[in-house]
Each structure stands twice: as C-alpha cells, then as structure tokens.
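Below is a structure I'd like to ask you about.
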Amino acid sequence: METFYTLHPVMQAFLATCLTWLVTSLGASAVFFSRQPSRKTLDIMLGFAAGVMIAASYWSLLAPALEMAEGQGSVPWVPAAVGFLAGGIFLRLVDKFLPHLHLFLPRSEAEGITTKWRRSTLFVLAVTLHNIPEGLAVGVAFGAVAAGLPSATAPAAMALAIGIAIQNFPEGMAVSVPLRREGVSRFKSFMAGQFSGMVEVFAGVIGAATVMISQPILPYALAFAAGAMIFVVVEEVIPESQSGNHADAATMGVMLGFTVMMILDVALG
C-alpha cells in the first residue's frame, strides 16, 4: 500500500476504480454457478449497496466538502448545498433522456427517450447510469488528496473505494443473474454485468483530473458526487430492493451496508 500512496492521484483513482470494476465482474460471475441467488438475496444485497452509498455520501464526500469550504474561507454550507443539488439535478436530466429500464420492471416501463432497443440493453444502461456517480466519487476523493487538506487523505479515499467495491459485488450479480433468468447466455449475462462497472474507471479518472486542475471547485465536486449518489439510491436502488416481498430484509441490508461503510471510513480515514 505504501507504493500505492506514492502514485499520482489520477493513477490512484484509476487503480482504485479498476478494483471496483473487478469486484463488479466477480459479482457478475455468479451466472457461471449452478445455484444462483434468490430474489430475497438480491433484495438484501441491493439494500446493502444502498446503505454503503448513503454512508459514503456523508462521511467520504459531504463532510470533507464542508471542511474544505471552511478552510477556503467560504460559508461552509454553500458549496455543499450547491454541489449536492447540482449532482441530483444532473442525474435527473440524464435519467430523463437516457433510455433505460430499472431492475425487475417490464419493457413497457422503460424510461428516457423512446427507443426500440432490447430490454437487456435498457437494463444494462440503467445500472451503468447508476455506476457513474460511484466512479466519480472515488475519483474526486483521490483528486482531493492533492489539495493537502487534513480531511482529504489517501487512506480515506481508499476506504471509499473499498466500500464502493464491496457494494459492487451485489450490483454485478443484480445485472447478470436476471439476464440469465430471461434466457440470455451465461457469457453474455456476465459480460453485461461486468460492463456496467467499467464506466466507473472512466468516471473516476475524469473526476480526479478535474479537481486537480481546479482545486477551488473541490468542495462543489465532492458534494456533486454525493448528490448524484443519493439520487441513485432514492430513485433506483431502494425502490428496487423494496419491490419484492422482502422489504424488511432489504431494509436490514441498508442498515448493515451503512454500518460497514461508516466503520470503513472512520477506521481507515
């Protein structure tokens, strides 16, 4: 790890998001096993992912944004509020125009611009959209390390990357397993699952490079990533985890995910 911490922040972001992509691929590989997870297991795992994202949004993104804004002499809540709302608005616009289909819904309920794309394609696009703010969050966290502020440290950024990676395992599974149950081949289901995590690498590198170029936007960028993640959690992840008959189990998954991410951030950050 010492060697990792000596690397350029953009390279750190690249390697960290490659880790999150790898774990997504491991989750997607569930389609190669004869026994696949039940709907209840998927709901619990989606709840877990939501809990991790909620905790990361505050401890790894909003809290440092407030501290950085205060250190820059700004009114602390202004960058956090503006960035947070901007992140949510940005994801809302993408959600409105990008054709996609949420997990467990019929083709007729696809969102975005009307298209004749296949259901499986729309489904993968939905999860890919979901992963953009996660990669952005990791990238911005590593880019913030270059600012040299106490709240922005490489271990803290790594804690965020580990938390995102953990919750990416069920996300990869949540893509590949339903596709396999719809009759898609194992290989194509796996490829779709792992592809959904690939976008995090690009988002991570862009996020890290952007905040390094212009450090004054750091608080806004951190809050932007937090707002984007909260939008995804509320609009997509939690409703999907609650759509089956396992709402209580999914809720406990949220609690567990939140706790795990909180421990990671406090212990490593």
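Restricting to the stretch 238-261, name every residue that is touching a Gly at 6+ places or on another chain (Cβ under 7 Å), under 8 Å from Ala50 (Cβ atoms) and either at pLDDT 90 or above or among the basic types (Lys, Arg) (or both).
Gly253, Val254, Gly257
Take the stretch 1-17 and flag every residue that is surrounded by fewer than 17 Cβ atoms within 10 Å (Cβ to Cβ), in a helix (DSSP H, G or I) and of a type outside the set (A, V, I, L, M).
Once the filter is applied, which keeps residues that are surrounded by fewer than 17 Cβ atoms within 10 Å (Cβ to Cβ), in a helix (DSSP H, G or I) and of a type outside the set (A, V, I, L, M), the stretch 1-17 yields Glu2, Thr3, Phe4, Tyr5.
Rundown of residues vs (1) open to solvent by less than 30 Å² (accessible area, probe 1.4 Å); (2) more than 26 Å from Phe33 (Cβ to Cβ), yes/no style:
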residue	(1), (2)
Ala203	yes, yes
Ala208	yes, yes
Val234	no, yes
Ala249	yes, no
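Looking at Ser108, Ser29 in this structure, which one is of a type in the set (S, T, N, Q), more than 16 Å from Val237 (Cα to Cα) and without any contact (Cβ under 8 Å) to a residue 40 or more places away in the chain?
Result: Ser108 is the single residue among Ser108, Ser29 that is of a type in the set (S, T, N, Q), more than 16 Å from Val237 (Cα to Cα) and without any contact (Cβ under 8 Å) to a residue 40 or more places away in the chain.
Within the stretch 84-94, is even one residue outside any helix (DSSP H, G or I) and surrounded by fewer than 16 Cβ atoms within 10 Å (Cβ to Cβ)?
no
Separate question: Looking at the stretch 49-83, which of its residues are outside any helix (DSSP H, G or I) and in contact (Cβ under 8 Å) with a residue 40 or more places away in the chain?
Residues satisfying the conditions are Gln72, Ser74.
Which number in (1) modelled with pLDDT of 80 or more; (2) farther than 16 Å from Val199 by Cα; (3) not polar (S, T, N, Q) marks the one condition that Ala147 misses?
Status for Ala147: all satisfied but (1).
Of a type outside the set (Ser, Thr, Tyr) and closer than 24 Å to Thr41 by Cα - does that describe any residue in the stretch 221-230?
Yes, there is a match, as at least one residue in the stretch 221-230 is of a type outside the set (Ser, Thr, Tyr) and closer than 24 Å to Thr41 by Cα.
Then there is this: Does the stretch 32-45 contain at least one residue that is open to solvent by less than 10 Å² (accessible area, probe 1.4 Å) and either of a type outside the set (Ser, Thr, Tyr) or assigned to a helix (DSSP H, G or I) (or both)?
yes
Then there is this: Confirm whether Phe187 is among the hydrophobic types (A, V, I, L, M, F, W, C), assigned to a helix (DSSP H, G or I) and under 14 Å from Asn131 (Cα atoms).
No, not satisfied.
Let me ask something additional. Going residue by residue through the stretch 98-113, is there one that turns out to be in contact with a His (Cβ under 9 Å, 6 or more places away or on another chain) and assigned to a helix (DSSP H, G or I)?
yes
Need the failing condition index for Tyr58 against (1) under 28 Å from Met191 (Cβ atoms); (2) under 17 Å from the mean Cα position of the chain (by Cα), just the number.
It is condition (1) that Tyr58 fails.
Can I ask one more? Among the residues of the stretch 72-80, is there at least one that is crowded, with 22+ Cβ neighbours inside 10 Å and small (Gly, Ala, Ser)?
Checking the stretch 72-80: at least one residue is crowded, with 22+ Cβ neighbours inside 10 Å and small (Gly, Ala, Ser).
Quick grid of which residues meet (1) modelled with pLDDT under 80; (2) within 18 Å of Leu7 (Cβ to Cβ); (3) surrounded by fewer than 19 Cβ atoms within 10 Å (Cβ to Cβ):
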| position | (1), (2), (3) |
| --- | --- |
| Ala159 | no, yes, no |
| Phe169 | no, no, no |
| Gly172 | no, no, no |
| Lys188 | no, no, yes |
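In addition: From the residues in the stretch 110-122 that are open to solvent by less than 100 Å² (accessible area, probe 1.4 Å) and at pLDDT below 75, which one is nearest to Ser189 (Cα to Cα)?
Checking each candidate, the answer is Ser120.
A further question follows. Please enumerate the residues belonging to the stretch 5-54 that are aliphatic (A, V, I, L, M) and touching an Asp or Glu at 6+ places or on another chain (Cβ under 7 Å).
Correct list: Leu46, Ala49.
The values are calculated or read from the model by the stated rules, or taken from the named source; none is laboratory data. Given the structure is predicted, the values throughout are model-derived calculations rather than measurements. With ideal geometry, Cβ positions are generated from the backbone for all residues, glycine too; neighbour counts draw on all protein chains shown. The accessibility values were calculated without ligands, DNA or RNA, using every heavy atom of the protein model including side chains. Shrake-Rupley method; radii C 1.70, N 1.55, O 1.52, S 1.80 Å.
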